[in-house]
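Q: Structure below; questions to follow.
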Amino acid sequence: MNCIIVDDEPLARKTIELLINKDNRLELAGDFSNAVSAMQFLNGNPVDLIFLDIQMPKVTGLEFARMVPPDTLIIFTTAYSEYALDSYDIDAIDYLIKPIQFARFQKAVSKAVSYYHMLKNEEKEAIESIQEDHMFVKADRKYFKVEFNDILFIEGLKDYLILQCTNQKIITRMTLKNMLEELPSGQFLRVNKSYIVNTKHITSFDNNDIFIRTHEIAIGNSYRDSFF
């Protein structure tokens, strides 16, 4: 995948460049200190992935993200974790908190690569049938039996869903809204624009976040009352 960096801090751009050079799945096509020059580049050059800072002068990363082509993937980079919910609203692939650790960087890139390959495959995915305690989900040209109790959480990425289960991850083409309508009410709750959680697997929570095993999921303001 070819990618670019958009960040007004020279040191941050250099750090991300070093991380990109360590990952053979990525090829750096350019780095830019502001959204205007980055957009000029995008107008003449297709880009698969953008590492995008949120806090930038004049045009912020969030504003810029709304202007890029819909098939261009975005990973936000920020020094502030409170921007996580804003990244969900943009349908960003992930957000990385500075200083960025290589293991966390690789995890975000893996998610981007998976979604990139999904975009290249236009095969329609769907739920085949719903039973009292399980459903059959189509992915990779076959149907997987998924027990509701095995689902940890479901993440939405544009028109696709990632079902994170106790022992497998399934990616299917469906919207989060349609999936929620098929799941047992009460056991599954939507907690922000991009996530549905299985309440049976919640390890702990506070006023802002839900913890499921090693996963941390932010609680959206508009979903806070229904969650609590």
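Q: Amide H neighbours of residue 192 under 5 Å, at least 5 residues apart or on other chains, H built in the peptide plane: list them.
A: 220
Q: Using θ = phi - 60° and the Karplus curve 6.51 cos²θ - 1.76 cosθ + 1.60, what whole-Hz ³J(HN,Hα) does each residue of region 64-74 get, with Gly and Pro shown as x?
A: 5, 4, 6, 9, 7, x, x, 8, 8, 7, 10
Q: What are the residues whose amide H is under 5 Å from the amide H of residue 56, where those residues sit 5 or more places off or on another chain and H is modelled from the backbone?
A: HN-HN under 5 Å from residue 56: 61.
Q: Can you work out the FRET efficiency for the pair residue 55 and residue 114, with r the C-beta to C-beta distance and R0 = 25 Å, to the nearest 0.05?
A: For residue 55 and residue 114, the calculated efficiency is 0.35.
Q: OK, next. Could you check the simple spin-label distance between residue 208 and residue 29, using points 7 Å along Cα→Cβ, in nm with one decimal?
A: Taking the two extended label points, one gets 3.5 nm.
Q: First measure r as the distance between the Cβ atoms of residue 167 and residue 22, then evaluate 1/(1 + (r/R0)^6) with R0 = 30 Å and state the FRET efficiency to the nearest 0.05.
A: Computed FRET efficiency for residue 167 and residue 22 comes out at 0.50.
Q: Ok, one more. Separation between the residue 136 and residue 104 pseudo-spin-labels, each 7 Å from Cα along Cα→Cβ, expressed in nm?
A: 4.2 nm
Q: Taking the Cβ-Cβ separation of residue 63 and residue 182 as r and a Förster radius of 35 Å, what is the calculated FRET efficiency to the nearest 0.05?
A: 0.50
Q: I would also like to ask the following. Looking at the chain, send over the antiparallel percent of its DSSP beta bridges, to the nearest 5.
A: The antiparallel fraction comes to roughly 65 percent.
Q: Let me ask something additional. What is the distance in Å between the Cα centroid of region 126-191 and that of region 1-58?
A: 33 Å
Q: Whole-Hz Karplus ³J(HN,Hα) for region 98-114, in order, using 6.51 cos²θ - 1.76 cosθ + 1.60 and θ = phi - 60°, x for Gly and Pro?
A: Computed from phi, the couplings for region 98-114 are 6, x, 7, 7, 4, 4, 5, 4, 4, 4, 5, 5, 4, 5, 5, 5, 4 Hz.
Q: Between 0 and 90 degrees, rounded to the nearest ten: what's the tilt of helix 35-44 against the longest Cα principal axis of the chain?
A: Its long axis makes an angle of about 80 degrees.
Q: Counting heavy atoms of the protein chains only and a 1.4 Å probe, report the per residue accessible area for the chain as a whole number of Å².
A: 51 Å²
Q: Next question. Excluding the sites themselves, what is the longest stretch of the chain that contains no trypsin sites (Lys or Arg not before Pro) in a DSSP loop with at most 14 other C-beta atoms within 10 Å?
A: By the stated rule (loop sites, at most 14 other Cβ atoms within 10 Å), 142-212.
Q: Follow-up question, since we're still on this one. Where does the longest stretch of the chain lie that holds no GluC sites (Glu not before Pro) found in a DSSP loop with 10 or fewer other Cβ atoms within 10 Å?
A: The segment 1-121 is the longest one with no such site.
Q: What are the residues whose amide H is under 5 Å from the amide H of residue 160, where those residues sit 5 or more places off or on another chain and H is modelled from the backbone?
A: 174
Q: At 222 nm, what value in deg cm²/dmol follows for the chain if DSSP H runs of at least 4 each add -39500 (n - 2.57) and the sum is divided by all its residues, to the nearest 500?
A: -8000 deg cm²/dmol
Q: Using the Kirkwood formula on the Cα atoms of the chain, what hydrodynamic radius do you get, in angstrom to one decimal?
A: 18.5 Å
Q: Show me, for region 20-32, the HN-Hα J-couplings you get by feeding each phi into the Karplus relation (A = 6.51, B = -1.76, C = 1.60, θ = phi - 60°), rounded to Hz, glycine and proline as x.
A: Calculated HN-Hα couplings, in order: 4, 5, 8, 10, 6, 7, 10, 10, 6, 9, x, 9, 9 Hz.
Q: Got a sec? What order do 71, 91 fall in by accessible area at 1.4 Å, biggest, i.e. largest, first?
A: Ranked list, largest accessible area first: 71, 91.
Q: Using 0.36 nm times the number of residues separating residue 11 and residue 37, minus their current alpha carbon distance, what extension gain do you get?
A: Gain on extension, residue 11 to residue 37, equals 7.5 nm.
The values are calculated or read from the model by the stated rules, or taken from the named source; none is laboratory data. In this text, all values refer to a predicted model and were calculated from it rather than measured experimentally. A quick note on method: Cβ atoms are made from the backbone with ideal geometry, for glycine too, and the neighbour counts reach across all protein chains shown. Accessible surface areas use protein heavy atoms only, side chains included; no ligands, DNA or RNA. Shrake-Rupley method; radii C 1.70, N 1.55, O 1.52, S 1.80 Å.
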